[in-house]
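I have placed the structure first, in the form of structure tokens, so that the comments after it can refer back to it.
The values are calculated or read from the model by the stated rules, or taken from the named source; none is laboratory data. Please read these numbers as outputs of a predicted model, since none were measured by experiment. Note that we place each Cβ from the backbone using ideal geometry, even for glycine, and neighbour counts take in every protein chain shown.
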Amino acid sequence: MNKTFFKSFFFMGLVACMFSCKDDDSPLDGGNTPQGVNVRFDYSQAKLGRSQGSSATLNGSSDADWTIEVEDDDFFSVEPMSGTAGDFTLTVTANKGNTSTEKVYSKFIFNASGRKYPVTVIHLEDEIRLEPSYEAETVFSFDQEGNLLSPDLNVKAFTATSNIEWTVKTVNEADSWINVGPEVGEKGENLPIDVNVEKNQFAKERTGKFEVRVPEGTSFQYTVTQAAAALNYAIKDGGSELNNQTGVTGLDGAGETHTITLLANADWTITPANDAAWLKFEPSAGEASLEPVEVKVIVEPNDDMNAGREASFTVTFSDKSATALKISVQQDKGEMPEEVGKLKELETELEGNNAGALNWSEEADYNKWTGVKFEAGKLVELSLASKGLNGYIPAAIGQFTSLRVLDLSNNDLKATLGLEDVTHPDGTKAYTPAIPVEIKNLKELKSFKLSGNNISGTFPSDLVNHPHYRDWAAMQNIYPQKGDNADISYDATKAVRYTGPDPSTWKLKLTQVGILRAMYHAMGGENWKGYNADGSDIAWLNEEVVLAKGQAGINAVNATGVVTDFKLDASGSTVGGQIPEECLMNKSLAKFQVNNTANCGFALTGSIHPLILQRLKYLSFNNHSFDMDINFILSNLNNKVVNVLFQNSKAIDGEINTDYLKVDGTIQAGKLNFAGFLNVGFSKNKLSAFVHLRHLVLLLSHCTPLTQSSARGRYINSRVSRCHSPSHAITVWANRGLSAMTNSTKNTNARRKHASAHRARPVCLPLK
């Protein structure tokens, strides 16, 4: 019983394996057949092609007579159907083709002496086929109404079939006027395809495409064309129709923007006549539309105030005949723009006693006026340099808000009429400017020239807040007046004491607040850390105030309200730009401390005006990028300077001028005569050469000769790191930390002891 069960189980497993491995071409092993019957096939399967009549051959042998049982003889047949023991050859033939895109499986039974063996028959899949009744790129032509015009086509006979599912759709979204269907066809169906188009309402032919496609990518594309409709348009000005006989009339001579509407079922363009440069259109072209489009007619002012003018424009449509329509435009005589009239009112005030300096009264065409330029009726340029004007600068100039250039230089203009310094009952002063403060309203003013006049007094502080102040506030443009020497040029590389003009003596000056504002803007005000970004802690930035210590940058103020000590470091502020020459207008400024303590890259650059060096008693400019020669700095220092710090300035270089020294190393008379205690620092600069240690010590620590008794505690410790090539940096600094020495013996002994123990270390020298 167990043995029989085992054999049955084994046989069932063999059959299952034969069917599960359908594409296996390995030979059948006769050793796996039941006991007593030995059957062998060369291959376990018969593979038939996709077409009817395709065949496959199977060879084998059997120990017993055999017969064939075919399960589906409609699908295939086997020859022969029986045979005797021994070798055999079977031929399997397809009775019909496989139109499916998938393989078809069946089997037959080989019966040997009652033992049945299944053999798999595989009918290979058909290739994907899509068969429309019209070739690809067939053109279906329709008239404007949607009737088929193609003489050789019958849309009703347009069919498609496929052995898989297929679709029909337009190729582009813009081809939505083409209607095709059905959208989907099932496999094996031979379905008719409907092609219809909507009525064409546009005056241009149109072409589109649709396609019949199967998912794997095989597709047939077809072209559809449709005739254009007749041109249809309407151009209106309000309720009036515009055509060759009626045009646009009554346009304002002062210029205006007029609106017309245009409706056209064709693309269109608008072109002004060649002589109508004063006429523009927005838009000047458009596509066919079933909705009206607004077109702006932009008309420039008529310069002729005695007569109107006429022009025309052409509307061209893209229909078959390229229809064109010519329409006239009439503009009234010119009117004087408002700003022209306002400027003319200032003629007498500007001329002063020199009537006739301007031609504004005699010339009717304002575009020909002396020194003026208007754009669209707005004053943009007023250039009256060297016109002999001797009047006043009118405050009303501030109403020309489109003004970009104001040049009143080299005339004889006076201070603003009637303005003088006023002292209020509480003792405070209101500074009345020599230049109209209303100029601050000219936000577009990029060029402002006023030099070479007779203007004196204060420059409005508010003007340094102007967005273009740094563009036009150079001293040579505004500040120098008649009688002033405007030549402030200097050479920062020459070791000579500057003796040029001093801006503090000029007629036109900045107020204290104005000087601070100029410094703020020139030195990167927004980088002054520690103060609110909106300037609320910088009281002097936006209004006239009484200056006091503790306000931004103000370290000391004298009794008259003048800043004497400017300091910007401990707050963590960083600065950029250059020290402005406007600070020279404050003759009382004695201390200037701008130390970039953060050393984060925002640093002052360029050079310092020599008058600033000469005026200051205390200088501290650490961590900047000044580009100056060491001798330029030394030669222009104030003879009472007590502190000079340019440490880590990185760009100060040059070879120290030994002309300042005698052969014995002492100071030449009249060369560098500093009269007080001198604290010097030039560490981490780019000094390109060095002199003898003794020379440097004497040079940078020299003071006016002192008696022994008065010299107590006044020794200077100066040292220089040893350098042996010009590429090395020289480090020099000083301090007051030495103990007092009371007699020359102590001085000498101390010096000798120090030098013998530390020859390369700092030395202590008495002041001579």
Of those in segment 122-132 that are assigned to a loop (DSSP other than H, G, I, E, B) and over 59 Å from the mean Cα position of the chain (by Cα), the residue modelled with the lowest pLDDT is D126
Within the bounds of segment 171-180, is there any residue that is aromatic (F, W, Y) and out of contact with any strand residue (DSSP E or B) (no Cβ under 8 Å at 6 or more places or on another chain)?
no
Going residue by residue through segment 133-148, is there one that turns out to be assigned by TED's automatic domain parsing to the domain that holds S44, of a type in the set (S, T, Y) and outside any loop (DSSP other than H, G, I, E, B)?
no
The correct count of residues that are surrounded by fewer than 17 Cβ atoms within 10 Å (Cβ to Cβ) and assigned to a strand (DSSP E or B) in segment 52-76 is 6
Tally of residues being surrounded by fewer than 17 Cβ atoms within 10 Å (Cβ to Cβ) and either farther than 16 Å from K387 by Cα or of a type in the set (G, A, S) (or both) across segment 357-367
6
Looking at segment 440-483, which of its residues are of a type in the set (G, A, S) and on the phi < 0 side of the Ramachandran plot?
S447, S451, S456, S461, A473, A474
Can you tell me which of S289, S284 is closer than 30 Å to N196 by Cβ, of a type in the set (S, T, Y) and either surrounded by 18 or more Cβ atoms within 10 Å (Cβ to Cβ) or not assigned by TED's automatic domain parsing to the domain that holds Y366 (or both)?
S289
Between a first residue in segment 542-571 that is among the hydroxyl-bearing types (S, T, Y) and a second residue that is at pLDDT 90 or above and assigned to a loop (DSSP other than H, G, I, E, B), which pairs have beta carbons less than 6 Å apart while being 6 or more apart in sequence or on different chains?
T564/N558; T564/S588; T564/A590
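When you scan segment 183-202, do you find a residue that is assigned to a loop (DSSP other than H, G, I, E, B), assigned by TED's automatic domain parsing to the domain that holds I260, free of Cβ contacts under 8 Å to residues at least 24 places away in the same chain and surrounded by fewer than 17 Cβ atoms within 10 Å (Cβ to Cβ), even just one?
The first filter runs over segment 183-202 and keeps only residues assigned to a loop (DSSP other than H, G, I, E, B), leaving 183, 186-190, 193, 198-202.
From the residues that got through so far, the ones that are assigned by TED's automatic domain parsing to the domain that holds I260 too are none.
No, because not a single residue in segment 183-202 is assigned to a loop (DSSP other than H, G, I, E, B), assigned by TED's automatic domain parsing to the domain that holds I260, free of Cβ contacts under 8 Å to residues at least 24 places away in the same chain and surrounded by fewer than 17 Cβ atoms within 10 Å (Cβ to Cβ).
From the residues in segment 353-376 that are assigned to a strand (DSSP E or B) and among the hydrophobic types (A, V, I, L, M, F, W, C), which one is nearest to I393 (Cα to Cα)?
Quick first cut of segment 353-376, residues assigned to a strand (DSSP E or B) only: 372-375.
Adding the requirement that they be among the hydrophobic types (A, V, I, L, M, F, W, C) leaves 372, 374.
Details: V372: 16, F374: 20 Å.
Within segment 353-376, the match that is nearest to I393 (Cα to Cα) is V372.
Just checking, how many residues over segment 156-166 are exposed (fewer than 15 other Cβ atoms within 10 Å of the Cβ) and not basic (K, R)?
Within segment 156-166, the subset exposed (fewer than 15 other Cβ atoms within 10 Å of the Cβ) is 156-157, 165.
Now restrict to residues that are not basic (K, R): 157, 165.
Selection size over segment 156-166: 2.
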Which numbered condition T167 fails, given (1) under 22 Å from S100 (Cα atoms); (2) more than 49 Å from the chain's Cα centre (by Cα); (3) hydroxyl-bearing (S, T, Y)
(2)
Qualifying position, being in a strand (DSSP E or B) and either touching a residue at least 12 places away in the same chain (Cβ under 8 Å) or not assigned by TED's automatic domain parsing to the domain that holds P272 (or both), among L350, L379:
L379
Can you run down the residue pairs with Cβ atoms below 9 Å, 6 or more apart or on separate chains, where the first is in segment 93-110 and surrounded by 14 or more Cβ atoms within 10 Å (Cβ to Cβ) and the partner is of a type in the set (S, T, Y) and in a loop (DSSP other than H, G, I, E, B)?
T93/S54; A94/S51; A94/S54; G97/S51; G97/S54; N98/S51
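Tell me which strands (runs of 3 or more DSSP E) are completely within segment 208-324 and hold 3 or more residues being without any contact (Cβ under 8 Å) to a residue 60 or more places away in the chain and closer than 30 Å to L379 by Cβ, or say none if there are none. I'd like the intermediate steps shown before the answer.
Working: elements: 219-226, 233-237, 248-251, 256-264, 268-272, 279-282, 293-299, 309-317.
Strands (runs of 3 or more DSSP E) meeting the threshold: 256-264, 279-282, 293-299, 309-317.
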